[in-house]
Amino acid sequence: MNATESIHRFLLLPSHVILILLLEFLNSFRSFGLRFVLYNYITNEYGISDTQAGAILGIKSLVDIGFGLSGSILVDMVGVRRVSLAALSVALVGRMLLIFGRSTSILYAALFLFSPCGDALLSVGLYRVALKKLTTPLTRPLAFGLSYAVSNMAGACVAVVVDRMRKTVEDVHVDVGSGYFMDVVGGVYTPVRQFIAVTWVVLFLTFIIAYCFLEDFSVIDPEDLDEEYRNQGESIKGIVD
């Protein structure tokens with residue numbers, strides 16, 4: 001099969017593929033967005049030294065790896081939709097803590113609890129699993145190529161937005177009076193905090209799209225079967241014979 005036929009087959013795939021690529025873009029924006037600013041956020045917002053920040057990020061990476069491995073198992077057990085919605089819900093809370101949090105205890109809760117349970121689960125190639133189920137062996141290379149292109153495009157968009165906000169956005173001072181509400185949402189919101197708020201909006205949009213449209217199903221083309229289905233067919237044929 002030549003490239004033209006492969007592209008033709010890809011265009012005949014369910015529109016769900018476009019949805020997955022959109023979710024991949026939003027998810028990559030979320031991921032790259034926090035990674036781009038997290039170090040500056042920790043050191044500038046909390047006055048933490050470079051050495052301490054390195055230790056915090058190192059511990060966070062180890063915890064994320066552990067939850068990421070468990071997330072891979074969860075995807076196989078309960079499906080992409082359920083893991084996606086659960087992880088997005090937790091990640092929304094974690095990002096909100098980063099936006100409004102002012103104490104190191106809230107910072108640690110966001111980085112060591114909510115981030116691993118939310119962001120780490122979203123970083124295990126979650127939507128590529130869904131993309132694999134929606135494609136066949138001949139169309140999968142093109143689909144995965146588009147997936148990586150979309151992911152890199154999201155990273156480029158993050159870089160542009162961060163640079164733009166760094167140059168043009170100023171601190172926002174929020175004064176809502178005294179009391180508990182002031183303690184929670186009042187204070188100074190630097191461009192870094194404002195950008196994290198942007199990533200929260202992206203997360204919320206991702207959650208709405210996933211909740212409304214994301215489903216778990218697979219596409220099987222009798223003329224373009226995966227190896228596992230081909231082997232099952234041969235086994236069944238052997239038993240019948």
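Data for the structure
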| quantity | calculated |
| --- | --- |
| Accessible surface of segment 56-165, 1.4 Å probe, proportion on carbon and sulfur as whole % | 74 percent |
| Segment 70-198: C-alpha gyration tensor shape, a/c 1.5 cut-off, then a/b vs b/c | oblate |
| Environment charge of R82, counting only residues whose C-beta is closer than 15 Å and scoring Lys/Arg +1, Asp/Glu -1 | -1 |
| Neighbourhood net charge (15 Å Cβ-Cβ; Lys/Arg +1, Asp/Glu -1) for A149 | +1 |
| Dipole of segment 90-186, positive end: most advanced residue of T168, S105, L134 [Cβ charges, Cα centre] | L134 |
| Order by protection proxy (mean Cβ within 10 Å, highest first), peptides 121-132, 59-70 | 121-132, 59-70 |
| Where labels lie 7 Å past Cα in the beta-carbon direction, separation of T4 and C212 in nm | 3.9 nm |
| Most to least packed among 82-92, 209-219 [average Cβ atoms within 10 Å] | 82-92, 209-219 |
| Helix-derived mean residue ellipticity, 222 nm - over the chain, DSSP H n ≥ 4, -39500 (n - 2.57), to 500 | -24500 deg cm²/dmol |
| Zone residues, segment 13-50, relative to L205, backbone N less than 17 Å from point 7 Å out along Cα-to-Cβ | 18-34 |
| Gyration tensor over alpha-carbon atoms, the chain, equivalent ellipsoid semi-axes in Å | 41, 19, 15 |
| Three-way shape label, segment 31-121, alpha-carbon gyration tensor, a/c 1.5 | prolate |
| Axial C-alpha extent at least 27 Å, average Kyte-Doolittle at least -0.5 - helices from the chain (DSSP) | 16-46, 50-78, 80-100, 140-168, 191-213 |
| Solvent-accessible area per residue for the chain (1.4 angstrom probe, square angstrom) | 54 Å² |
| Alpha-carbon centroid distance for the pair segment 183-204 / segment 58-123, whole angstrom | 18 Å |
| Cβ-based net charge around F204, under 11 Å, with every Lys or Arg adding one and every Asp or Glu removing one | +2 |
| Extension gain (nm, one decimal) between S61 and Q194, 0.36 nm per residue minus Cα-Cα | 45.5 nm |
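The values are calculated or read from the model by the stated rules, or taken from the named source; none is laboratory data. These figures come from a predicted structure and were not determined experimentally. As a convention, Cβ positions derive from the backbone with ideal geometry for all residues, glycine included, and neighbour counts pool all protein chains shown. For the accessible areas, the whole protein counts, side chains as well, though only heavy atoms, and no ligand, DNA or RNA atoms are used. Shrake-Rupley method; radii C 1.70, N 1.55, O 1.52, S 1.80 Å.
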